[in-house]
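Read through the structure below, which is laid out as structure tokens, and then see the notes.
The values are calculated or read from the model by the stated rules, or taken from the named source; none is laboratory data. Predicted model only: the values in this text are computed from it and were never measured. Neighbour counts run over all protein chains shown; Cβ positions are idealised from the backbone, glycine included.
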Amino acid sequence: MTILEVKGLTHTYSESSAAVTDAVNDVSFGIEKGEIIGIIGHTGSGKSTLVQHLNGLLKPTAGTVLFKDEDIWKNPKEIRKIRSKVGLVFQYPEYQLFEETVYADIAFGPKNMGVSGDELDGRVREICNIIGIKDEYLEKSPFDLSGGEKRRVAIAGVMAMKPEVIVFDEPTAGLDPRGREDVMNIIKNYREASDATVIIISHSMEDMAALADKILVMNKGKLELFDTVENVFSQGERLRAMGLNVPIVTRIFAELIRRGINLPENVFTVEAAVEALKKLKEEDGNA
Amino acid sequence: MDNIIEIKNVTYKYTDEDKTVAAVNRVSLNIERGSFTVILGHNGSGKSTLAKLLNGLNKPTEGEVIVDGINTKDEKYELEIKRRVGMVFQNPDNQLIASVVEEDVAFGPENLGIEPQEIRKRVDDALKSVGMYEFRKSAPHKLSGGQKQRVAIAGIIAMTPSCIVLDEPTAMLDPKGRSEIINTLIHLNKDKKITVILITHYMEEAETADRVIVMNDGEIIDDGTPKTVFKNVKRLKEVGLDVPQTTELLYALNQNGFKVDTNVISVEDTAAAIAAALEDKKD
Amino acid sequence: MLNDITFGQYYESRSPIHRTDPRVKIVLTFILIVFIFLSNNIYALIFSALSVLAVLLVSRVPLKMYLKNMKAILPILIFTAVINLFYSSKGTVLLSFWKISITTAGVYRAVFTSLRIILLILISSVLTYTTTPNDLTDAIESLCSPLKYIGLKSAVHTLAMMMTIALRFIPTLIEEAEKIMNAQKARGADIESGNLIERVKALVPILIPLLMSSVRRAYELAEAMECRCYNGGEGKTRMKRMKLSVIDLRMSIYSAILCAGIILLNVLI
């Protein structure tokens, strides 16, 4: 089932805008329910602008965004409803924390959606359980937490709305390796618990290779590629021309193949690479 | 050996909710003039505290930091130490002061009371050395993260420091911005002979360094050339460092019975190491 | 909605007014404003208006940009005109209802006051359109520098530093406010609808994060300034020195002629 469909989406910014912004030009694609989509593209390629259309934060200059076959802008007054169906976690989401306690901050989203009482309490505790926020943290001020913990709480605040599609804009930016691993695990855990559709913007081809089903490549406001991880990462030259690259492991394999070693090209993760090399070694041993 | 910075048995303690924490614990370290040193460590390992000890922003609780023969505790030389040991921080937005690039770069020399013509010359030179001269009239908020960070570096260079300390300058940047900064630093070190101390948690940024120091829990746990330090992948992973995928692959191969050389980082060297290991097997 | 805020209205051009020293521009603008207010008869005021028009043309800033500024002050203009219209009881009565009557003197007064305000706004717009915010800041600091002889040196410097930092950070903070607003909207916050109290309450989730981040920025900026040898302005030099040139003298002479014209018309008629 196609859960989100973008048709001919174009967005141009007026010059007066204070922010440095990037336009989107005639982009169309569809996302199936339950898929994990990675979005890659260099800074200014239009990826942040694109995802802000998926939950109606931005209104298309032209084109439509369909959620379950219905135009999200069909009734502009109801646009807020889409925000609980398509959750969006911004870059550095910890800067959105404002409540006195972690609990209240996580409850902010669902409360805005009209959830209250036991259901609200249940939602907050359920999400904390899934992504590992301990009970003793709930009454703390979010401002007393460490950087990584703040981000976890901020992400929980969006997840507590139980969105069917959840979009992350560079969820690991600025974190150290442990923090990054934590965030990637939170995303995996949430997906397992909720079968939500996940969209992630990232600069890390390695993370994309490990996590995504399909990759969407943006370049200069246009959709350049939208295909499986294998089909996207097999086009190294094209990606490099856009200032992107393939995962490091794939680059190492390309170099080994160039040296005349008989290895497959479609290797994107460390695990796959070890397997491929082991296989090669065994074949050599048998020969 | 000519040392620009000497850290002698330094401890730095601070109080957090009635607890006294030693962010830096009995560290001794000499930094050689003209060298490129990378300090690796995860968040909270004490690396940022150590950085601020180098220019007197933090004063040691115990021990001494000597810069060019001057003790950082000596208040008479407060400004002179900050001039000699320039410092660049993580968030480029929060270190630019003026709304025109060249005026921002002039801020340091102006504070030092340099003559106007000399400031002009230094500002132009500094901007050229980081490749931002053509943006000298731009407003900082119109620049990319990497460009802003290069302006911040130019602002330090204009004070003609002998050493520049950078505290996670690439943490908030995209891959393009990161490589811009690393290339700028290599250029400043090799061509302008400025001592560079780069603090980061990205191991691959340490690849071209003369020396790598690994910190954990306020202490130095490893110190040597990149090759010797990176041999110990297991330990680096244990202390929460970002091990590049090349190293990760070599490490995984070693554990699976391949005899590969693990102290390489670049893609080419890794491929060569794997090819060599495969050759060995055939013999 | 924050997109509408534009800070600093500088319009790039190489007109003689652009090239005039910002300090001279501030002083001349101030003097011209005083003289426009001194115009006490309609001839002097018409002369002032023609002079201002000449200045607008010389500034090489499109006239529609000045009109945009006029539109912004239209409510104030109408309000002042209406007050003045009813204020005067002298002169021939033109229209009378209930206890209020409109007289010729009232109409005259309304037109006169409105024209003064229009001229005042136009001449100040010339200053802001032809001078960058940075130059304005430097000029104000320079003009205030005599205050240091009466022991206000650090006050002058602090004021200038504050203005510089404000200029630098306003765009950054606007951008940040937009981001936070979007993040809260993505969590279902309703910012655009509701009554006044609801709308004020809806601002809390935006203002608190903005405040927290400003405090953090201030702290980091202070540290960065310290690392760049900032010492409260003690012994500070400037890279750019403002120097008076021939064009400043010419501008001063033209302005003096305009002022003399206004005085003559005031006295003679």
* Only one of these is within 27 Å of A:D182 (Cα to Cα) and either modelled with pLDDT of 90 or more or assigned by TED's automatic domain parsing to the domain that holds B:G34 (or both): B:N189, B:N216, B:N183. Name it. => B:N216
* Structure fact -> A careful count of residues in segment C:93-139 that are at pLDDT below 90, touching a Lys or Arg at 6+ places or on another chain (Cβ under 7 Å) and closer than 18 Å to C:S15 by Cβ gives 2
* Would you please list the contacts, defined by Cβ atoms under 6 Å and residues six or more apart or on different chains, that run from a residue in segment B:90-108 that is at negative phi and more than 7 Å from chain C (Cβ to nearest Cβ) to a residue that is assigned to a loop (DSSP other than H, G, I, E, B) and charged (D, E, K, R)? => B:Q90/B:E168; B:V101/B:R136; B:E102/B:R136
* Structure fact -> Taking segment B:109-135 and keeping residues in contact with a helix residue (DSSP H, G or I) (Cβ under 7 Å, 6 or more places away or on another chain), surrounded by fewer than 19 Cβ atoms within 10 Å (Cβ to Cβ) and within 11 Å of another protein chain (Cβ to nearest Cβ) leaves B:D124
* Structure fact -> Of the listed residues (A:V86, A:V24, A:V6, A:V65), the one being at negative phi, touching a residue at least 60 places away in the same chain (Cβ under 8 Å) and within 14 Å of another protein chain (Cβ to nearest Cβ) is A:V86
* Within segment A:142-164, tally of residues that are within 20 Å of A:G34 (Cβ to Cβ) and either crowded, with 24+ Cβ neighbours inside 10 Å or touching a Gly at 6+ places or on another chain (Cβ under 7 Å) (or both) -> 5
* Structure fact -> Residues of segment B:136-176 being away from chain C (no Cβ under 11 Å) and within 20 Å of C:I165 (Cα to Cα), in sequence order, are B:R136, B:S138, B:L143, B:S144, B:G145, B:Q147, B:Q149, B:R150, B:V151, B:I153, B:A154
* **Pick from segment A:225-258, criterion exposed (fewer than 14 other Cβ atoms within 10 Å of the Cβ) and among the basic types (K, R), ranking: farthest from the other protein chains (Cβ to nearest Cβ)** => A:R240
* Which one of these is farther than 30 Å from C:S39 by Cα, of a type in the set (A, V, I, L, M) and assigned to a helix (DSSP H, G or I): C:M251, C:M181? -> C:M181
* Asked: Would you call B:I156 in contact (Cβ under 8 Å) with a residue 60 or more places away in the chain and under 15 Å from the mean Cα position of the chain (by Cα)?
  -> yes
* Evaluate the following for C:I247: is it surrounded by fewer than 16 Cβ atoms within 10 Å (Cβ to Cβ) and in contact with a Lys or Arg (Cβ under 7 Å, 6 or more places away or on another chain)? => yes
* Structure fact -> Scanning segment A:268-287 for residues that are more than 10 Å from every other protein chain (Cβ to nearest Cβ) and in contact with a helix residue (DSSP H, G or I) (Cβ under 7 Å, 6 or more places away or on another chain) gives A:F268
* Structure fact -> Scanning segment C:36-62 for residues that are touching a Leu at 6+ places or on another chain (Cβ under 7 Å) and assigned to a helix (DSSP H, G or I) gives C:I36, C:Y43, C:A44, C:L45, C:F47, C:S48, C:A49, C:S51, C:V52, C:L56
* Could you say which residue among A:G117, A:G56, A:G132 is in the same structural domain as A:L211 (by TED's automatic domain parsing), among the small types (G, A, S) and within 30 Å of A:L9 (Cβ to Cβ)? -> A:G56
* To do: Would you be able to tell me the number of residues in segment B:159-197 that are free of Cβ contacts under 8 Å to residues at least 40 places away in the same chain and basic (K, R)?
  => 3
* With respect to the numbered conditions (1) farther than 19 Å from A:G109 by Cα; (2) touching a helix residue (DSSP H, G or I) at 6+ places or on another chain (Cβ under 9 Å); (3) surrounded by fewer than 17 Cβ atoms within 10 Å (Cβ to Cβ), which one is the sole condition not fulfilled by C:G194? -> (1)
* To do: Give the residues of segment C:194-243 that are at the interface with chain B (Cβ under 7 Å from one of its Cβ atoms) and either in contact with a Pro (Cβ under 9 Å, 6 or more places away or on another chain) or assigned to a loop (DSSP other than H, G, I, E, B) (or both), sorted by residue number.
  => C:R228, C:C229, C:Y230, C:N231, C:G235, C:K236, C:T237, C:R238, C:M239, C:R241
* Structure fact -> Within segment B:61-89, residues within 26 Å of C:R216 (Cβ to Cβ) and more than 14 Å from chain C (Cβ to nearest Cβ) come out as B:T61
* To do: Within segment B:249-283, track down each residue that is within 9 Å of chain A (Cβ to nearest Cβ), within 24 Å of B:A206 (Cβ to Cβ) and charged (D, E, K, R).
  => B:E268
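Would you pick out the residues in segment B:234-259 that are more than 30 Å from the chain's Cα centre (by Cα) and without any contact (Cβ under 8 Å) to a residue 24 or more places away in the chain?
Those that are more than 30 Å from the chain's Cα centre (by Cα) and without any contact (Cβ under 8 Å) to a residue 24 or more places away in the chain: B:N254, B:Q255, B:N256, B:G257, B:F258, B:K259.
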* **Flag if A:G243 is touching a Lys or Arg at 6+ places or on another chain (Cβ under 9 Å) and on the phi > 0 side of the Ramachandran plot** => yes
* Just one of A:E192, A:E164, A:E237 is more than 28 Å from A:I127 (Cβ to Cβ) and either over 13 Å from the mean Cα position of the chain (by Cα) or free of Cβ contacts under 8 Å to residues at least 60 places away in the same chain (or both); which is it? -> A:E237
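May I ask you to verify whether A:V115 is over 19 Å from C:K179 (Cα atoms) and surrounded by 16 or more Cβ atoms within 10 Å (Cβ to Cβ)?
Yes.
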